[in-house]
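The values are calculated or read from the model by the stated rules, or taken from the named source; none is laboratory data. Every value quoted in this text rests on a predicted model; they were computed, and no experiment measured them. Note: ideal-geometry Cβ built from the backbone for every residue, glycine included; neighbour counts use all protein chains shown.
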Protein chains: 2
Amino acid sequence: MQQENNSLSQAERTALSDKALLDAAMDLVLEHGPDKTTLAMIGETAGYSRGLATYRFGSKGGLFDSLCKSISRHWLEYLKQGVGDKVGIDAMCAALDTIYKFEQESPREARTLEILYCGAASPSSEFRDTAIGIRRRQKSDVAEWVRQGQEAGQVRRDVDADEVAGQYVAYISGMTYLWLMSPDSFDFHGSNEVMKKQLRDSLAVCTAASS
Amino acid sequence: MQQENNSLSQAERTALSDKALLDAAMDLVLEHGPDKTTLAMIGETAGYSRGLATYRFGSKGGLFDSLCKSISRHWLEYLKQGVGDKVGIDAMCAALDTIYKFEQESPREARTLEILYCGAASPSSEFRDTAIGIRRRQKSDVAEWVRQGQEAGQVRRDVDADEVAGQYVAYISGMTYLWLMSPDSFDFHGSNEVMKKQLRDSLAVCTAASS
DNA sequence: TAATCACTTGCTTGTTGACAACAAGTATCT
DNA sequence: AGATACTTGTTGTCAACAAGCAAGTGATTA
């Protein structure tokens, strides 16, 4: 419990090196991709030895799983704050705005997360289940928004909440994928605006089809 | 030009071994993922030596690029046949049906292609450009369908063809991704039916909003 | 037509350097 | 002194390359 000036507690040391390792891993993944990023590179870029990354995370897959979870935590926190207590169409639109904002404010995290999720498609991926779980949760959250929107009288009763959630999550997955593949030529913001308009058109109770 | 019974011309030999290699690669990718598939495994599974895959395709990335292009060719041919000379909403719906059919009839190819495309998200991917190009072409094809549908009086004039194409391609990308991640829990067919309904609702000229 | 010879091409085996993973050690905290 | 953060030594695997072998090819000659 008694610490000198520049000496840290064990817990602080691990927290520090953990953060440094994950941060270095993120940069390296962004530059070279997960395949061509080596554990030695990660350790040394973080200012430690070539062996620390393996020691701390057990394996390359373990490290990327931790990185994935770490960014996901941050992202889910950010999303929760962005959506607030909105429900129905408002929540779905707010989520789209929040995704865009997150990728503007934290492009490194957003991009890395996308890259890792794509890598999770491989049968060998150690964090396949992590990725699946997050998508599943995303979908059930959206379905819940729709149901609450229906109860609040904002969303049409005749739409199936799960169907809508499925379409919505598919759109988000595809949109982020396309953005990841060609960030320059894909109009993220415009695409989201179109989507928001479409959500209102197809889900809102009052279909007074004007304009 | 003169060949004996069981001896093959050089061209035939390469064609044969090429096919065997790509086929073996497909099986191995499906089972272990691209990362844990080794070039030696591919060569030996195909019935040749451990070195052939490297010799023929230059590198691991080169092999997967070839595999990607090979399946893509097949898929695009299949798609063209499925869509025929339809345009507008009909073409878009037919394309959705064709995707579903392709994945029912050729699950190995479909799955492998998806896995490879996801891997292309990595900055180190050697066939990143291949994947980007195909998506881009997909999008411009769809935009063309929409424009032709507008000229034919089937699609509303006030929708932007490029915007619609963007949404459509995003949906397809996301849907195939979700299907790849959890083939069992994702209702591919149902999702497509919903999408087709939505396409008609939002694009058809006569919005007589009945039923 | 048939035999031979120079050359090309398909394929295999030998080797090297890089890397993940593990084991055994050192330094720092408690 | 014991535990914990971290480093260094080592091994087996793999991609990539290089050198070699064997089978195919086409031209020349008789």
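Scanning the stretch A:40-70 for residues that are surrounded by 20 or more Cβ atoms within 10 Å (Cβ to Cβ) and within 26 Å of B:PRO34 (Cα to Cα) yields A:ILE42, A:GLY43, A:ALA53, A:PHE57, A:LEU63, A:PHE64, A:ASP65, A:LEU67, A:CYS68. The single condition among (1) in the same structural domain as A:GLY133 (by TED's automatic domain parsing); (2) surrounded by 15 or more Cβ atoms within 10 Å (Cβ to Cβ); (3) assigned to a loop (DSSP other than H, G, I, E, B) that A:THR37 does not satisfy is (1).
Just one residue in the set B:ASP27, B:ASP97, B:ASP85 is assigned by TED's automatic domain parsing to the domain that holds B:GLN148, in contact (Cβ under 8 Å) with a residue 40 or more places away in the chain, surrounded by fewer than 19 Cβ atoms within 10 Å (Cβ to Cβ) and not β-branched (Val, Ile, Thr); that residue is B:ASP97.
The criterion of being more than 18 Å from the chain's Cα centre (by Cα), surrounded by 12 or more Cβ atoms within 10 Å (Cβ to Cβ) and more than 9 Å from DNA strand C (Cβ to nearest atom) holds for A:LEU16. Identification of helices (runs of 4 or more DSSP H) wholly contained in the stretch A:124-211 with 2 or more residues that are under 30 Å from B:THR37 (Cβ atoms) and under 21 Å from the mean Cα position of the chain (by Cα) yields A:128-151, A:161-181.
Taking the numbered list (1) part of a loop (DSSP other than H, G, I, E, B); (2) exposed (fewer than 15 other Cβ atoms within 10 Å of the Cβ); (3) more than 9 Å from DNA strand D (Cβ to nearest atom); (4) not polar (S, T, N, Q) in turn, B:LEU76 passes all entries but (1).
Take B:VAL169 and decide whether it is crowded, with 20+ Cβ neighbours inside 10 Å, at negative phi and either more than 7 Å from chain A (Cβ to nearest Cβ) or of a type in the set (Val, Ile, Thr) (or both).
yes
Consider the stretch B:172-186 and keep the residues that are surrounded by fewer than 22 Cβ atoms within 10 Å (Cβ to Cβ) and polar (S, T, N, Q). The one that is farthest from the other protein chains (Cβ to nearest Cβ) is B:SER185. Taken as a whole, the structure leaves A:LYS36 outside the set of residues that are under 25 Å from A:GLY133 (Cα atoms) and either within 14 Å of DNA strand D (Cβ to nearest atom) or at pLDDT 95 or above (or both). B:THR54 satisfies every condition listed in (1) more than 8 Å from DNA strand C (Cβ to nearest atom); (2) at pLDDT 95 or above except (1). Looking across B:ILE115, B:ILE132, B:ILE172, one residue alone is in contact (Cβ under 8 Å) with a residue 40 or more places away in the chain and either under 17 Å from A:PHE186 (Cβ atoms) or aromatic (Phe, Trp, Tyr) (or both). It is B:ILE172. Screening the candidates B:GLU12, B:GLU31 for the property of being charged (D, E, K, R) and within 11 Å of DNA strand D (Cβ to nearest atom) yields one hit, B:GLU12. Among residues of the stretch A:55-66 that are more than 15 Å from A:LEU28 (Cβ to Cβ) and within 14 Å of another protein chain (Cβ to nearest Cβ), those with a beta-carbon under 6 Å from a residue that is assigned to a loop (DSSP other than H, G, I, E, B) and more than 8 Å from DNA strand C (Cβ to nearest atom) at least six positions away or on a different chain give the pairs A:GLY61/A:GLU126.
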